[in-house]
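> Before anything else, here's the structure in question.
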Amino acid sequence: MTYMKPVILMVLSQLASGSVNIFYKIAVADGMKVQIMVFYRLVFATAFMVPLAFIMERKRRPTFSWTILFQGVINGLLGAALGSNLYAESLNFTTATISSAMSNLTPAVTLIFAVIMGMERLDIHRVAGKAKLVGTVLGIGGALVLSLYKGMKINLWSINIHCLHSDNATATTAAQTHSNLLGSILAFLSCASYAAWLVFQGKMRQRYPMYSSTALMCFCGAIQAGIYAFIRERHPSAWKLGWNIRLFTPAYAGILSSGLGVTIIAWCTKLKGPLYVSSFYPLALIFVAIVGTIVLHEELHVGSIIGSILIVIGLYVVIWGKAKEKRAEETEALKSNNNGIIEIISFAGVNQATAAIVPEFKTDDQIVATTAAALQEA
């Protein structure tokens, strides 16, 4: 059960993340504006994360400062308001499957940003560097195939559920171009926003604990998303939720995906590491592809399958390269520590010889042994 717990939690988190795409499409078909939906999602996420941060980190939260506030504003823009709006807009122009597939490009785009900013080295003379480069190229190539090539239509079974065929859905569908290219560009820009957030948020985590920084990010993002939504839509009727899909979608996305999802991923990352967590991301794509085709009656083409497979392969190649690079760094660190131990042992031998010649010279074997053990443990 100890082994299966993180597996079960990661599977559930990816199912929750994937189902948000489906509910987004249904809410938009019901006439809800994506900008307003993103705002309410961040409001629900803030309402969930603030009490959680207060309970979990009340004893180790540092003093709030202007620097932390500035970092929270930037994180709220990149990781919440901008990224979420771009991704939600992409669902207006393409299928949930394509948008979900494009989101798997985030690790590759993050790698590109990290290399440009000097936070990551891409040593192509080593196997790990080559793997990261090949994985990034495969992911971008898959995105191009996904965006530009359709191919033969694949017919899957469907059930008699017409989630998008309301009066509002008909009008919305008629107004949409369903341009895979435009939707893919928006989804890619969303990946770029999240990637920039992943690079930037590490600096905030050094100053502020995880749950508190997430709560601050959601709060700042909600304010920014609210301003943007108000500029785009000022009619009061568009902001009404009601006891329907318009309330359920942002509440579900905010509490389960942004709230519990972040908590689960943080716990699994602490227990198993980020590479373990990243390996589960394609599950959301598979779930969305199946459910979107069956329930939303979205068309699935050969190009979507090929592009998604290339993106997933690229994701795993990047993960493998990062894992191999990490093992190489640990090996080099261990060798460095062992060299330090050898020097201490050599010094101990000289020390013993000196004590044999000069009686007044005293050795301290206990200090030598303790230092060597500490180095070995480190």
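Readers should treat all values here as calculations from the given coordinates under stated rules, not as data from a laboratory. Computed from a predicted structure; not experimentally measured. Please note: Cβ atoms are built from the backbone with ideal geometry, for glycine as well, and neighbour counts cover all protein chains shown.
> Rounded to the nearest 20 Debye, what is the dipole magnitude of the stretch 30-77 about its Cα centre when Lys and Arg each give +1 and Asp and Glu each give -1 at the C-beta?
On the way: 6 positive and 2 negative charges, 47 e Å.
So the dipole magnitude of the stretch 30-77 works out to roughly 220 debye.
> Would you tally the net charge around I154, using a Cβ to Cβ cut-off of less than 13 Å, leaving I154 out, and scoring K and R as +1, D and E as -1?
0
> Taking amide hydrogens as modeled 1.01 Å from N in the peptide plane, which residues meet the under 5 Å criterion relative to L300, leaving out close sequence neighbours?
Hits under the 5 Å cutoff: I154.
> Would you mind checking K270/K335; K130/K272; K132/K322 for any pair whose Cα atoms are more than 18 angstrom apart?
K270/K335; K130/K272
> Is the shape of the stretch 245-316 rounded, prolate or oblate, going by the alpha carbon gyration tensor and its root eigenvalues a ≥ b ≥ c, with a/c under 1.5 for rounded and a/b larger than b/c for prolate?
It comes out oblate by the Cα gyration axes.
> Can I ask one more? Output the peptides 257-270, 61-74 sorted from most to least packed, where packing is the average of other Cβ atoms within 10 Å over each peptide's residues.
Sorting 257-270, 61-74 by mean packing, highest first, produces 257-270, 61-74.
> Another question about this same structure. Using a/c under 1.5 as the rounded threshold, could you call the stretch 202-268 rounded, prolate or oblate? The axes a ≥ b ≥ c are square roots of the C-alpha gyration tensor eigenvalues, and prolate needs a/b larger than b/c, oblate otherwise.
On the way: a/c = 4.41, a/b = 1.62, b/c = 2.72.
It is oblate, given that a/c is not under 1.5 and a/b is not larger than b/c.
> Kindly rank 103-110, 225-232 from highest to lowest mean number of other beta carbons found within 10 Å of each residue.
103-110, 225-232
> Please identify the trypsin sites (Lys or Arg not before Pro) of the stretch 1-90 that satisfy two criteria: DSSP loop assignment and at most 14 other Cβ atoms within 10 Å. Which are they?
Counting only loop positions with at most 14 other Cβ atoms within 10 Å, the trypsin sites (Lys or Arg not before Pro) in the stretch 1-90 are R58, K59, R60.
> Sort 330-336, 206-212, 311-317 by the packing proxy (mean of other Cβ within 10 Å over each peptide's residues), most packed first.
The packing order, highest mean first, is 311-317, 206-212, 330-336.
> Could you work out the local net charge near E325, counting Lys and Arg as +1, Asp and Glu as -1, over the other residues with Cβ closer than 15 Å to its Cβ?
Values: positive: R121, R126, K130, K132, K322, K324, K326, R327; negative: E120, D123, E329, E330, E332.
Net charge around E325: +3.
> Which of the three applies to the stretch 9-140, rounded, prolate or oblate, going by the alpha-carbon gyration tensor with a ≥ b ≥ c and a/c under 1.5 meaning rounded? Mind showing how you got there, number by number?
Working: a/c = 1.99, a/b = 1.13, b/c = 1.76.
It comes out oblate by the Cα gyration axes.
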